[in-house]
1. Pick out the one residue from Leu225, Leu199, Leu183, Leu166 that is more than 21 Å from the chain's Cα centre (by Cα) and at pLDDT 95 or above.
2. Looking only at residues that are in a helix (DSSP H, G or I) and within 16 Å of the ligand (Cβ to nearest atom) in the stretch 239-272, which one is surrounded by the most Cβ atoms within 10 Å (Cβ to Cβ)?
3. Do you know which residues across the stretch 151-178 are buried (at least 22 other Cβ atoms within 10 Å of the Cβ), among the aliphatic types (A, V, I, L, M) and more than 16 Å from the ligand (Cβ to nearest atom)?
4. How many residues does the stretch 301-319 hold that are over 13 Å from the mean Cα position of the chain (by Cα), farther than 18 Å from Ala272 by Cα and either part of a loop (DSSP other than H, G, I, E, B) or without any contact (Cβ under 8 Å) to a residue 12 or more places away in the chain (or both)?
5. Determine whether the stretch 273-280 contains at least one residue that is in contact with a Lys or Arg (Cβ under 6 Å, 6 or more places away or on another chain) and either more than 16 Å from the ligand (Cβ to nearest atom) or closer than 21 Å to Arg81 by Cα (or both).
6. Among Ala212, Ala185, which is within 15 Å of the ligand (Cβ to nearest atom) and in contact (Cβ under 8 Å) with a residue 24 or more places away in the chain?
7. Being at negative phi, surrounded by fewer than 16 Cβ atoms within 10 Å (Cβ to Cβ), touching a His at 6+ places or on another chain (Cβ under 8 Å) and not basic (Lys, Arg), is that true of even one residue in the stretch 189-200?
8. Tell me whether the stretch 365-376 contains one or more residues that are of a type outside the set (Val, Ile, Thr), in a loop (DSSP other than H, G, I, E, B), at pLDDT 95 or above and surrounded by fewer than 17 Cβ atoms within 10 Å (Cβ to Cβ).
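The values are calculated or read from the model by the stated rules, or taken from the named source; none is laboratory data. All values derive from a computational prediction rather than experimental measurement. Note that each Cβ is placed from the backbone with ideal geometry, even for glycine, and that neighbours are counted across all protein chains shown.
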Amino acid sequence: MKIIDVNVLKFHAVSEVVRDSEFHVHPGPRHDTVEKVLVIKCDDGTEGIAFGPMDERVILSTVKEILIGEDPFFRERIWRRLVQLQRLRRNLTEDTLCAVDVAIWDICGKKLNMPVSKILGQYRETVPAYASIMVGDDIPGGLDTPSSYAAFASKLVKQGYKAIKLHTWMPPIVPEPSVKMDLEAARKVREEVGEDITLLMDPYHFYSREEALELADGLHSLGFLWMEEPLDEHSMENYIWLQKNTKLHICGPETIEGKMYSRADWIRHNAADIGRAGVIYSGGITSVMKTVHLYEANGMSLELHGNHIASLHILGAMGIDGKFYERGMLHPLLDYETPKPWFTKIHDPLLSDGTVPVPTESGVGYSPNWDYINDNLL
Ligand code: MG
């Protein structure tokens, strides 16, 4: 089996989500946008696809050259060649590597007629989800006050969620992020949902040590399970310090470079209680699975970042060392439950017990609406 073609289809789409100057997403006016799907074709007619962020220029030059003629089952060889290229091909980013890796896994699953989770070695069929609430805003009826978070949390619990994560206020929405306001939102939500709902926080990422510690201790007293990224993750020393000084579990690193290598350093130095990695920032399923086994071998949990469909396969192959699927981002004024027009269904339906099923289709399990995509090609 050989790869014979690599292409990126770009198509018109409409979005009701806008990014602020810090790249956080919020509800906004409907506007035109462009989506992409990577398509990798094999000589036997099997096609692997991947949606999401990617740089088509580097895919259609460097990556294509490596993939053509390669056997897609040599995933490890393909992945290592691409990772080594990242050293000098700086535009071969983690999200592009992720798209390529996911499409390759999709080919393998389709060829074997089994979902990726089964190739990885399935452990469970459903995964508990947490509702990942968007970053705070100043939209009336949105996420503008601590009380708005509480009102939204109440709706999410009624929907079936057993766990909720709060992203609080950050620039440019607030010029000065405030530990006091974060804790007020945390307190209001805890009062609203009671003791039985698991609560998590992902606050402003550039607090000082003192601010991060004050927030961590406050969240611990409110019974939160973990906090992510209150300090710049490039300083591991900051996290070692925070970890030593608070009883709250700290989960990370999420956004730093280095895939499983940087995670190994964080484990070795006790910089966080719970690990973190995601397919988009850590180069796909192949590298995240290496990270999964690394944490398992060290007796630690690893929580996956992001709502990528590939996360569900990885979580399907993990035990309780990966507690939750991150479902969202959610906002009181946005509908998460209706599929985008370029899909025929959502990939992560929430079941009434607060879990999400691991996809059972062959491959990754995307459900593209090819009519929409082909009608809207750029
Ligand atoms: Mg995070």
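1. On the way: Leu225 fails: more than 21 Å from the chain's Cα centre (by Cα); Leu199 fails: more than 21 Å from the chain's Cα centre (by Cα); Leu166 fails: more than 21 Å from the chain's Cα centre (by Cα).
Among Leu225, Leu199, Leu183, Leu166, only Leu183 is more than 21 Å from the chain's Cα centre (by Cα) and at pLDDT 95 or above.
2. Going through the stretch 239-272, the residues in a helix (DSSP H, G or I) turn out to be 239-245, 259-268.
Imposing the further condition that a residue be within 16 Å of the ligand (Cβ to nearest atom) reduces the set to 239, 242, 262-263, 266.
Details: Tyr239: 24, Leu242: 23, Ser262: 19, Arg263: 29, Trp266: 23.
By that ranking, first place goes to Arg263.
3. Ala153, Leu156
4. 3
5. no
6. Working: Ala185 fails: within 15 Å of the ligand (Cβ to nearest atom).
The match here is Ala212.
7. As a first pass, look at the stretch 189-200 and keep what is at negative phi: 189-193, 195-200.
The next check asks that each one be surrounded by fewer than 16 Cβ atoms within 10 Å (Cβ to Cβ); those that pass are 191, 195-196.
If we keep only those that are touching a His at 6+ places or on another chain (Cβ under 8 Å) as well, we get none.
Within the stretch 189-200, none of the residues are at negative phi, surrounded by fewer than 16 Cβ atoms within 10 Å (Cβ to Cβ), touching a His at 6+ places or on another chain (Cβ under 8 Å) and not basic (Lys, Arg).
8. Initial filter on the stretch 365-376 (of a type outside the set (Val, Ile, Thr)): 365-372, 374-376.
Now narrow it down to the ones that are in a loop (DSSP other than H, G, I, E, B): 365-367, 369, 376.
Restricting the remaining residues to those that are at pLDDT 95 or above gives 365-367, 369, 376.
Then drop every residue that is not surrounded by fewer than 17 Cβ atoms within 10 Å (Cβ to Cβ), which leaves 367, 369.
Taking every residue of the stretch 365-376 in turn, at least one turns out to be of a type outside the set (Val, Ile, Thr), in a loop (DSSP other than H, G, I, E, B), at pLDDT 95 or above and surrounded by fewer than 17 Cβ atoms within 10 Å (Cβ to Cβ).
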